[in-house]
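Engineer: This structure is in structure tokens; I'll ask about it shortly.
Just so it is clear, none of the values below were taken in a lab; they were calculated from the coordinates. Keep in mind it's a predicted model, so treat the numbers as computed, not measured. Please note: Cβ atoms are built from the backbone with ideal geometry, for glycine as well, and neighbour counts cover all protein chains shown.
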Amino acid sequence: MIARIKPGSDLLASISSLVEKNGVKAGAVLSGVGLLKKAYLRNCKSLPLQYPITDANRAFLAYERPLEILALSGNVTEVDGKPRVHAHATLSYLEGDEVKVIGGHVLEGCTVFGFAEVFIMEIEGADMRKEFDEETKTLQLFAK
């Protein structure tokens, strides 16, 4: 599946809507390119002494500037009978004449400027679900 995401759209919400409309329950976000005017990313800043990793261990970072999408990857799994997109992005921006690169877990709030082109591969016959994992105390991928 190939999609062009229009200006002003939320990147993650658009991908999520696309997979839901097309009935994708197992898949891979293969690639993405384009330009964002705003990004909202999450990264882990510390490891807890025991699971689960919580928001206290995470940094939520917002950027509002021209941001080139250098890479976009992730998966589409099923959670409680609905598709869920888990995506990470590598982005670049200019600071003076120097290129800076950032990345992380994509959250809603990444706003497309101009366009974003996204390539998603459905994996037919796969059972990819996120279910509660006792060890990590979080939703984890279980695939068959």
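Engineer: Please identify, among Glu131, Glu117, Glu98, the residue showing maximal mean-square fluctuation in a Gaussian network model of the chain using a 10 angstrom Cα cutoff.
Structural biologist: Answer for the Gaussian network model of the chain: Glu98.
Engineer: Which whole-Hz ³J(HN,Hα) couplings does segment 60-74 yield from phi under the Karplus relation 6.51 cos²θ - 1.76 cosθ + 1.60, θ = phi - 60°, glycine and proline marked x?
Structural biologist: 10, 10, 10, 10, 10, 5, x, 10, 6, 7, 8, 7, 9, 8, x
Engineer: Please find, in a Gaussian network model of the chain (springs between Cα atoms separated by less than 10 Å), the residue of Leu94, Leu30, Leu49 whose mean-square fluctuation is greatest.
Structural biologist: Checking each option, the largest mean-square fluctuation is seen for Leu49.
Engineer: Please report, in debye to the nearest 20, how large the charge dipole of the chain is about its Cα centre when each Lys and Arg carries +1 at its beta carbon and each Asp and Glu carries -1 there.
Structural biologist: Value, rounded to 20: 220 debye.
Engineer: Given the rule -39500 (n - 2.57) for each run of at least 4 DSSP H residues, summed and divided by the residues of the chain, what is its mean residue ellipticity at 222 nm, to the nearest 500 deg cm²/dmol?
Structural biologist: -2500 deg cm²/dmol
Engineer: Here's a follow-up. Using a simple spin-label model with points 7 Å from Cα along the Cα→Cβ vector, what separation in nm is obtained for Val101 and Arg58?
Structural biologist: Label-label distance for Val101 and Arg58, simple model: 2.4 nm.
Engineer: Along the positive direction of the dipole of the chain (beta-carbon charges: Lys, Arg +1; Asp, Glu -1; about the Cα centre), which of Met128, Cys44, Ser92 reaches farthest?
Structural biologist: Of Met128, Cys44, Ser92, it is Ser92.
Engineer: Sticking to Cα atoms, compute the Rg of the chain to one decimal and its Dmax as the biggest Cα-Cα distance, whole number, in Å.
Structural biologist: Taking only Cα atoms of the chain, I get Rg and Dmax of 15.9, 49 Å.
Engineer: Straight distance only, please: which lysines reach the Cα of Lys45 with their own Cα at less than 20 Å, same-chain residues fewer than 8 apart left out?
Structural biologist: Lys100, Lys137
Engineer: Measuring from label point to label point, each 7 Å out along Cα→Cβ, what is the Glu135 to Glu122 span in nm?
Structural biologist: With each label point 7 Å from Cα toward Cβ, the separation is 3.2 nm.
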